[in-house]
Amino acid sequence: MHTYIQRIEKARARGLLPAEGLVNVSVAHDPSCGIYRGRECDCNPEIILLRGGRRMRILADGSTEEEDLS
């Protein structure tokens with residue numbers, strides 16, 4: 001499983017993602033990441049969720065940093 005999916009799953013397991021509804025997820029991989037060569041993600045991508053006027057960055061341990069966009 002790609003590392004970015006593992007991070008999203010960790011955040012979900014912590015209850016930091018909504019159980020229902022629409023969530024916009026953006027994953028920005030490093031230029032040297034294996035994902036661009038048909039391999040598994042091997043970088044530390046920036047993962048951002050946008051939901052309800054809030055921007056959440058998912059960290060490596062599945063915790064989040066939140067920012068209010070309003």
For the chain, calculated [θ]222 nm from helices alone, where every DSSP H run of n ≥ 4 adds -39500 (n - 2.57): -5000 deg cm²/dmol
Length released on extending from Arg37 to Glu66, taking residue separation times 0.36 nm less the Cα-Cα span: 7.3 nm
Calculated over the chain: convex hull of Cα atoms, volume per residue (Å³): 91
Packing-based order for 42-51, 57-66, using average beta carbon neighbours within 10 Å, highest first: 42-51, 57-66
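Every read-out reported here was derived from the displayed coordinates using simple, explicitly stated rules and does not represent laboratory data. What you see is a predicted model, and the numbers here were worked out from it, not measured in a lab. Ideal geometry is used to build each Cβ from the backbone, glycine not excepted, and the neighbour counts take in all protein chains shown.
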